[in-house]
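Visitor: What follows is a structure written as structure tokens; I'll ask about it next.
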Amino acid sequence: MALSRLIYGFFQKINSAIFNAKKCEIVVVVFHEICSLEEADDKDHFTSLESFKKFIEEKRESIIPISENFKNLKSKSNLPKYILTFDDIYESAYLNGISLLKERDIPFTIFICPDLIGKPGFIKKEQLNELCAMDNCEVAFHLNHHVFTRKMKKDAFIKEIDCSLFEKKFNVKCSYFAFPYGSMYASRSFFSKNVLLSKFKKVFSTSFAHMSISTFTKKRYFLPRMTYSEKTKHLFKKA
């Protein structure tokens with residue numbers, strides 16, 4: 001297992017380097033918990049409210065929806081554009097981060113695992129209903145359960161990515177998908193690409209890299225996203 005992680009980690013670094021070799025025009029950002037260190041369940045992936053507010057203030061004019069029409073985007077600005085995404089949807093993200101985006105009508109995307117809804121620390125059904133009704137919120141899918149898929153059998157995988165019950169229950173259409181954990185070690189299933197692309201417009205990973213507009217518009221599978229947290233926020237100065 002340790003050797004497998006090393007091998008997949010090596011290939012993921014190469015994959016990220018290929019994306020990063022091109023011009024930085026699109027950065028898909030991932031947030032998890034928006035809270036203090038003391039409140040965080042995952043100390044490696046939380047973002048403080050202060051850091052989140054600062055990021056939004058600095059990038060506000062460059063934030064675009066995941067469904068942006070890119071035809072005339074280059075002429076508007078030479079600065080990178082940012083797509084905001086939230087994984088799992090912790091209640092702290094809903095109460096602290098998303099409330100701020102709602103006030104300022106800033107677009108964002110939420111990747112939902114139905115199994116997490118209502119569990120301690122995660123959003124409740126009524127909170128998700130509110131998000132589903134918001135014009136600036138794109139609801140996307142993150143598997144029915146938050147699990148590794150690399151060794152999952154085909155039938156089980158197809159059940160996990162089936163979002164039809166979730167869509168019907170919350171009256172939404174999920175056009176985008178992100179792998180839980182998002183690394184090559186956790187996610188890259190031998191048959192998943194064609195199955196996923198038959199159901200979703202784009203599929204995302206957590207390979208830490210930016211993209212060119214050309215890459216984002218032409219590629220659809222295992223696109224990179226950059227996790228923004230207290231441990232990684234310094235790296236965004238380069239993006």
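Visitor: Looking for whichever is free of Cβ contacts under 8 Å to residues at least 12 places away in the same chain and within 30 Å of His145 (Cβ to Cβ) here; the options are Asp42, Asp87. Which one fits?
Guide: Just a single option satisfies the conditions, and that option is Asp42.
Visitor: Is it the case, given these coordinates, that Lys71 is within 29 Å of Ser189 (Cα to Cα), open to solvent by 50 Å² or more (accessible area, probe 1.4 Å) and not hydrophobic (A, V, I, L, M, F, W, C)?
Guide: Details: within 29 Å of Ser189 (Cα to Cα): no; open to solvent by 50 Å² or more (accessible area, probe 1.4 Å): yes; not hydrophobic (A, V, I, L, M, F, W, C): yes.
No; evaluated as a whole, the condition is false for this residue.
Visitor: Moving to a separate point now. Closer than 18 Å to Arg220 by Cα, over 19 Å from the mean Cα position of the chain (by Cα) and not acidic (Asp, Glu) - does that describe any residue in region 34-51? Walk me through it before giving the result.
Guide: So in region 34-51, the residues closer than 18 Å to Arg220 by Cα come out as none.
No, that holds for no residue.
Visitor: Would you pick out the residues in region 154-170 that are open to solvent by less than 20 Å² (accessible area, probe 1.4 Å) and either outside any loop (DSSP other than H, G, I, E, B) or small (Gly, Ala, Ser) (or both)?
Guide: Within region 154-170, Phe157, Phe166, Phe170 qualify.
Visitor: Something else now. Taking region 186-218, which residues are part of a loop (DSSP other than H, G, I, E, B) and either loosely packed, with under 15 Cβ neighbours inside 10 Å or β-branched (Val, Ile, Thr) (or both)?
Guide: So the first thing to find is which residues in region 186-218 are part of a loop (DSSP other than H, G, I, E, B), and the list is 188-191, 198-201, 205-210, 212.
Phe190, Phe191, Ser198, Lys201, Thr206 - these are the residues of region 186-218 that are part of a loop (DSSP other than H, G, I, E, B) and either loosely packed, with under 15 Cβ neighbours inside 10 Å or β-branched (Val, Ile, Thr) (or both).
Visitor: Any idea which of Lys151, Lys173, Lys102 is of a type in the set (Lys, Arg) and surrounded by 12 or more Cβ atoms within 10 Å (Cβ to Cβ)? Before the answer, list the steps.
Guide: Details: Lys151 fails: surrounded by 12 or more Cβ atoms within 10 Å (Cβ to Cβ); Lys173 fails: surrounded by 12 or more Cβ atoms within 10 Å (Cβ to Cβ).
Exactly one residue qualifies, and that residue is Lys102.
Visitor: Among (1) among the polar types (S, T, N, Q); (2) farther than 27 Å from Arg188 by Cβ; (3) touching a strand residue (DSSP E or B) at 6+ places or on another chain (Cβ under 9 Å), where does Thr85 come up short?
Guide: Of (1) among the polar types (S, T, N, Q); (2) farther than 27 Å from Arg188 by Cβ; (3) touching a strand residue (DSSP E or B) at 6+ places or on another chain (Cβ under 9 Å), only one is false for Thr85: (2).
Visitor: Another question, if that's okay. I'd like to verify a number: residues in region 46-68 that are open to solvent by less than 20 Å² (accessible area, probe 1.4 Å), part of a helix (DSSP H, G or I), touching a residue at least 24 places away in the same chain (Cβ under 8 Å) and not aromatic (Phe, Trp, Tyr), how many?
Guide: Matching residues across region 46-68 total 2.
Visitor: Does Ser229 satisfy being of a type in the set (S, T, N, Q), crowded, with 19+ Cβ neighbours inside 10 Å and in contact (Cβ under 8 Å) with a residue 60 or more places away in the chain? Break it down stepwise before answering.
Guide: Details: of a type in the set (S, T, N, Q): yes; crowded, with 19+ Cβ neighbours inside 10 Å: yes; in contact (Cβ under 8 Å) with a residue 60 or more places away in the chain: yes.
It is true that Ser229 is of a type in the set (S, T, N, Q), crowded, with 19+ Cβ neighbours inside 10 Å and in contact (Cβ under 8 Å) with a residue 60 or more places away in the chain.
Visitor: Considering Lys43, Lys23, which residue is open to solvent by less than 100 Å² (accessible area, probe 1.4 Å) and in a loop (DSSP other than H, G, I, E, B)? Steps first, please.
Guide: Working: Lys23 fails: open to solvent by less than 100 Å² (accessible area, probe 1.4 Å).
One residue alone meets the criteria, Lys43.
Visitor: Another question about this same structure. Checking the structure you have, find out if any residue of region 126-144 is closer than 30 Å to Ser4 by Cβ and either more than 14 Å from the chain's Cα centre (by Cα) or in a helix (DSSP H, G or I) (or both). Walk me through it before giving the result.
Guide: Looking only at region 126-144, we keep the residues that are closer than 30 Å to Ser4 by Cβ, and these are 140-144.
With either more than 14 Å from the chain's Cα centre (by Cα) or in a helix (DSSP H, G or I) (or both) added as a condition, the list becomes 144.
Checked region 126-144: at least one residue is closer than 30 Å to Ser4 by Cβ and either more than 14 Å from the chain's Cα centre (by Cα) or in a helix (DSSP H, G or I) (or both).
Visitor: Okay, moving on. Inside region 176-185, can you point out the residues that are open to solvent by less than 30 Å² (accessible area, probe 1.4 Å), of a type in the set (Phe, Trp, Tyr) and not in a helix (DSSP H, G or I)?
Guide: Within region 176-185, Tyr176, Phe177, Phe179 qualify.
The values are calculated or read from the model by the stated rules, or taken from the named source; none is laboratory data. Quick caveat, the model's predicted, so the values are computed rather than measured. When we count neighbours, we look across all protein chains shown, and the Cβ atoms used for this are built from the backbone with ideal geometry, even at glycine. For accessibility, only protein heavy atoms count, side chains too; no ligands or nucleic acids. Shrake-Rupley method; radii C 1.70, N 1.55, O 1.52, S 1.80 Å.
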